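Report on the following structure.
What follows is calculated from the coordinates using simple rules that are stated; it is not laboratory data. Remember, it's a predicted structure, so these values are computed and weren't measured experimentally. Quick reminder, even Gly has a Cβ in these numbers, built from the backbone with ideal geometry, and neighbours come from all protein chains shown.
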Amino acid sequence: MNAVVAISSPMPVPVGLQSFLAIDFGTKRTGIAVGNRIMRTAQSVGTVKAQGDTRFALIEKYLKDWQPDAIVIGVPYHPDGAAHENTARAKRFGRQLHGRFALPVFEVDERYSTTEALSSGALDADSASACIILEQFLRSLP
């Protein structure tokens, strides 16, 4: 299995992967949500307000608490689909997560997830965005 896979790729998400931890990557804050394939729902669980190794240590705590089978990371793009600086940062972060935690990482186009979270009245837009990203991913599964 490839380390990081976009959900639009022809490679299906293995059926054995049932639980997921989603990440809305940001340079200052990283939203976290969890969910599973059976219920196809996600739940916001918090926001990591740290950078560098501290961020990885805090994410590791979520991984230990929730024990997901895989990670889903939101990758931002411009409205026209073009990549930008944060696109590369999010993809790199996904590769780092895979390298550190040896879990499959799936990428989801996360355009407008923060806008959607804010328009729904979310108090924690980062965690709510991670929830939206994960629900989008779960809906794409057969």
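General remarks:
- Matching residues in the range 36-62 - criterion: being farther than 23 Å from Ala122 by Cβ and of a type outside the set (Gly, Ala, Ser): Arg37, Ile38, Asp53, Thr54, Phe56, Glu60
- When residues of the range 23-40 are limited to those that are in contact (Cβ under 8 Å) with a residue 40 or more places away in the chain and in a loop (DSSP other than H, G, I, E, B), the one nearest to Val72 (Cα to Cα): Phe25
- Failed condition for Gly74, given (1) within 19 Å of Arg29 (Cα to Cα); (2) among the small types (Gly, Ala, Ser); (3) assigned to a helix (DSSP H, G or I); (4) in contact (Cβ under 8 Å) with a residue 24 or more places away in the chain: (3)
- Count of the range 78-108 residues which are aliphatic (A, V, I, L, M), under 15 Å from the mean Cα position of the chain (by Cα) and loosely packed, with under 13 Cβ neighbours inside 10 Å: 1
- Residue that is farthest from Gln136 (Cα to Cα) [pool: residues in the range 82-111 that are assigned to a loop (DSSP other than H, G, I, E, B) and without any contact (Cβ under 8 Å) to a residue 24 or more places away in the chain]: Ala102
- Reported count of residues in the range 53-71, each being closer than 14 Å to Phe20 by Cα and without any contact (Cβ under 8 Å) to a residue 24 or more places away in the chain, is 2.
- Residues being assigned to a strand (DSSP E or B) and within 22 Å of Gln18 (Cα to Cα) are entirely absent from the range 122-138.
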